[in-house]
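Here's the structure, in structure tokens; my notes come after.
The values are calculated or read from the model by the stated rules, or taken from the named source; none is laboratory data. What you are looking at is a predicted structure, and each value in this text was computed from that prediction instead of being measured. Counting neighbours? That spans all protein chains shown, and the Cβs are built from the backbone with ideal geometry, glycine included. Quick note on the areas: whole protein, heavy atoms, side chains included, nothing else; ligands and nucleic acids left out. Shrake-Rupley method; radii C 1.70, N 1.55, O 1.52, S 1.80 Å.
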Amino acid sequence: MLELRDLNTFYGKSHILQGITLDVQEGEIVCLLGRNGVGKSTTLKSIMGLVASQKGTIHFQGREIQNKRPDAIACMGISYIPEDRRIFTRLSVKENLMIGTSSAVNMTKSQKEEMLEKAYMYFPILKEKESQGGGYLSGGQQQMLAIARGLMCDPKLVLLDEPFEGLAPVVIWELIDIIRKLCESEKMTLLLVEQKAALALKMSDRGYVLEKGLVKCEGTVQFLSESEEVRERCGL
Ligand SMILES: Nc1ncnc2c1ncn2[C@@H]1O[C@H](COP(=O)(O)OP(=O)(O)O)[C@@H](O)[C@H]1O
Ligand SMILES: [Mg+2]
């Protein structure tokens, strides 16, 4: 479904992604692991067209998408949930959610309502707080809102950046549970960036470990969980 081949991205003169090659098949949960600063977020931003890549290719469902505009990429069915969550603090929970439908240009009003009901089904706390300002939510609730909003456009592929950052373990487990359910019931395809490798491996099918802008190792979660190299590189 998603294919990156020899992707190279620079920030000015800094050569950040030095030839990333990876695949995500439909229905898979694939994690992108590695320590801080290795290029995980830059990979997602490159896929989304938020930073320009200078060399290599990105295909989504067989179509070349590298360096297309982010809004065009979103309209093709890729949803990007950034690590800083970007909740609109002055808008209500419901308004935040409805903003998530803006890239789904063909969605009717009743389909949007259906998506909202579905979001509330997976994240009941958001229903309870639907008229509250986004700024009044706890960190965990804001992350739930960010994820739920990212799903409102009914995406084919979700790019999720460090969803567990700064959250308490009990909230993390609740989120993992919901994400697993979403992947099973909604057949969600997910590319998950996570520094907490142990958690990411618990919920993924396959993974890639980055180091200095390159894929250092890849494989099934079983292979990665048992790999000494992964333990070292991800601090497992
Ligand atoms: N906007 C930017 N301008 C310049 N350098 C950046 C920018 N964003 C990230 N970097 C640098 O690129 C490298 C990779 O960053 P990033 O992809 O955010 O890493 P990760 O998500 O794996 O922690 C880091 O060295 C970071 O300092
Ligand atoms: Mg990052």
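The table below lists the values:
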| read-out | value |
| --- | --- |
| Simple label model, 7 Å out from Cα along Cβ direction - residue 111 to residue 54, nm | 4.0 nm |
| Gaussian network model of the chain, Cα within-10 Å springs - most flexible of 92, 79, 110 | 110 |
| Rounded tilt (10° steps) of 169-185 against the dominant C-alpha axis of the chain | 90 degrees |
| Over segment 83-155: Rg over Rh, Cα atoms, Kirkwood Rh | 0.94 |
| Label-point gap, in nm, between residue 130 and residue 95 - each point 7 angstrom along Cα→Cβ | 1.6 nm |
| Label-reachable residues, segment 90-127, where backbone N falls under 20 Å from a point 7 Å from residue 170's Cα toward its Cβ | 123-127 |
| For residue 197, net neighbour charge (Lys/Arg +1, Asp/Glu -1) across residues whose Cβ lies under 10 Å away | +4 |
| Accessible area (Å², per residue) of the chain, counting only protein heavy atoms and a probe of 1.4 Å | 47 Å² |
| Per-selection Rg to Rh, segment 175-236 - Cα, Kirkwood hydrodynamic radius | 0.99 |
| Cα-centre dipole for segment 83-155 with unit charges at Cβ (Lys and Arg positive, Asp and Glu negative), debye to 20 | 140 debye |
| Zero-based 10 Å bins, Cα pair distances in the chain, whole percents | 8, 33, 37, 19, 3, 0 |
| Sum of -39500 (n - 2.57) over DSSP H runs of 4+, divided by residues of the chain (222 nm, nearest 500) | -11000 deg cm²/dmol |
| Antiparallel %, DSSP beta bridges [both residues in the chain], to 5 | 60 percent |
| Of every Cα-Cα pair in segment 22-131, the percent that sits beyond 18 Å | 62 percent |
| Extended-chain gain in nm, criterion 0.36 nm per residue less alpha-carbon gap, residue 180 and residue 212 | 8.5 nm |
| Spin-label model distance (nm) - residue 35 vs residue 202, 7 Å beyond Cα toward Cβ | 2.4 nm |
| Mean Cβ neighbour count within 10 Å, used as a protection proxy, ranking 197-203, 64-70 highest first | 197-203, 64-70 |
| Rounded to the nearest 20 debye, dipole of the chain from Cβ charges on Lys, Arg, Asp, Glu | 640 debye |
| Rounded to whole Å, sorted largest first: equivalent-ellipsoid semi-axes of segment 103-236, Cα gyration tensor | 30, 17, 12 |
| Cβ-based charge dipole, segment 83-155, positive-most Cα from 135, 108, 96 | 135 |
